[in-house]
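The values are calculated or read from the model by the stated rules, or taken from the named source; none is laboratory data. Everything numeric in this text was worked out from a predicted model, so none of it was measured. Every residue, glycine among them, receives a Cβ derived from its backbone with ideal geometry; neighbour counts consider all protein chains shown. For accessibility, only protein heavy atoms count, side chains too; no ligands or nucleic acids. Shrake-Rupley method; radii C 1.70, N 1.55, O 1.52, S 1.80 Å.
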Amino acid sequence: MSHVTHLPIAIVGGGLGGLILARILHINGVHTVVFESDVSSSVRSQGGMLDLHENNGQLALKEAGLFEKFLEIIRPGAQAYRVLNKHGQLLTEAPDDGSLQRPEVKRSELRQILLDSLPEETLKWGFKLKEVSSVGSGKHLLTFTDGSVFTTDLVIGADGAWSKVRALVSAEKPIYSGTTYIEAYLYDVGKGHKAEARLVGNGAMYAFEPGKGIISHREPGDVIHTYVALPKTLEWVEAIKFTDAKNALSIVAEEFRDWAPELRCLITEGDVAIARPLFTLPSGFRWNHLPGVTLLGDAAHLMLPTGEGANLAMLDGCELAKIIVNHQNDLDAALIAYEESMFERSAAESKEVEPLFDILYGENAPQSFVEFMT
């Protein structure tokens, strides 16, 4: 076996939840290491616009001492929205009210603030977890694909939907929801896509009909980022070669052939195509506590995307950090309390997800969404 290094706390996953956790621990003098499978922060897309909520995501940033930095990256105008029907007719719209209830930021910029707030030695890039196993007395052995091995007193799974750390506490696997999001990007829209820019406006544009929809966001850098929702089987999705973006998007656009041409152009004019099948864990998912291990974010409560996932993950990280800082003499009992609180919080949110998804894509769409927004 390779040389084994022991760590008091190991966080697997460098997303927003894991980084908030590491940041709050750091400012409270608790050393930890974050293992991230990506080789750098820029190796892949970190997602699009994200609205940070007052009651969870923003609270976590305040606890992390980064709220002022967050205010600097808020995109003015991005809370504006437009709702259209499939014929391109405007149903309702509203400007950005300038409030701080749910301001929009770019996820990658928010993540960079967190990365910049941590000592360089906290982050271990390019460490893809191969397996994690118990070595007794609440300690665990982490083995990475490059052969590196570490033991730890506490391993925290912040490693997303397909968490390997979750396997320590549960055999539950995410289940395909039946809906896939296909992402498309339009660049330099002020020059090359003026019609699409007018259609989307300065913030978000929503167009739905029962079962499907197009959601577009105006992003920094003169970009329109579009999510196309389709109720398709995994076999249908996997048969499309998304490496050939133009061909893939032409296939996707065929599913909208009776929609307005200007809406279809948000798909067909895209330069990048990424398929994201939506998986979920069962509503109310929980596990029996195992000493020396816990989970946060999507690893703990994977839901359909309704704008709460990242916010919940950040609050998880915040609450877990505070418990670790304040209960180091009886940490395991404190972790049980964290998990019970997190289970209740995520279960309550999960109950709201399906009704909201029905508002978006149910039989009364788009009118149901208009009524919801107004």
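List of remarks:
- Test: residue in the stretch 185-200 that is assigned to a strand (DSSP E or B), under 30 Å from residue 216 (Cα atoms) and open to solvent by less than 60 Å² (accessible area, probe 1.4 Å): yes
- Picking from residues in the stretch 65-110 that are hydrophobic (A, V, I, L, M, F, W, C) and assigned to a loop (DSSP other than H, G, I, E, B), the one that is nearest to residue 218 (Cα to Cα) is 78.
- Flag for residue 324 being at pLDDT 90 or above, aliphatic (A, V, I, L, M), within 29 Å of residue 11 (Cα to Cα) and buried (at least 17 other Cβ atoms within 10 Å of the Cβ): yes
- Boolean, residue 338 is surrounded by 15 or more Cβ atoms within 10 Å (Cβ to Cβ), more than 29 Å from residue 24 (Cα to Cα) and touching a residue at least 12 places away in the same chain (Cβ under 8 Å): no
- Looking only at the stretch 283-295, residues that are crowded, with 24+ Cβ neighbours inside 10 Å and within 15 Å of residue 347 (Cβ to Cβ) come to 1 in all.
- The lone exception for residue 103 - which of (1) of a type outside the set (Asp, Glu); (2) open to solvent by less than 30 Å² (accessible area, probe 1.4 Å); (3) at pLDDT below 95; (4) closer than 26 Å to residue 290 by Cβ it fails: (4)
- Residues in the stretch 112-149 that are in a strand (DSSP E or B) and either charged (D, E, K, R) or open to solvent by 20 Å² or more (accessible area, probe 1.4 Å) (or both): 13 in all.
- Considering residues of the stretch 236-261 that are more than 22 Å from residue 86 (Cβ to Cβ) and of a type outside the set (Val, Ile, Thr) only, the residue surrounded by the most Cβ atoms within 10 Å (Cβ to Cβ): 242
- Tally of residues being within 22 Å of the chain's Cα centre (by Cα) and either charged (D, E, K, R) or at pLDDT below 90 (or both) across the stretch 351-373: 5
- Among the residues of the stretch 44-64, those identified as without any contact (Cβ under 8 Å) to a residue 60 or more places away in the chain and not in a loop (DSSP other than H, G, I, E, B) are 58, 62.
- Looking at 153, 159, 222, just one residue is farther than 27 Å from residue 281 by Cβ, open to solvent by 20 Å² or more (accessible area, probe 1.4 Å) and in contact (Cβ under 8 Å) with a residue 12 or more places away in the chain, and that residue is 222.
- Some residue of the stretch 336-358 being more than 25 Å from residue 113 (Cβ to Cβ) and part of a loop (DSSP other than H, G, I, E, B): no
- Flag for residue 160 being under 17 Å from the mean Cα position of the chain (by Cα) and at positive phi: yes
- Enumeration of residues in the stretch 136-177 that are out of contact with any strand residue (DSSP E or B) (no Cβ under 6 Å at 6 or more places or on another chain) and of a type in the set (S, T, N, Q): 137, 148, 170
- Residue ID - farthest from residue 193 (Cα to Cα), chosen from residues in the stretch 262-282 that are open to solvent by less than 40 Å² (accessible area, probe 1.4 Å) and β-branched (Val, Ile, Thr): 280
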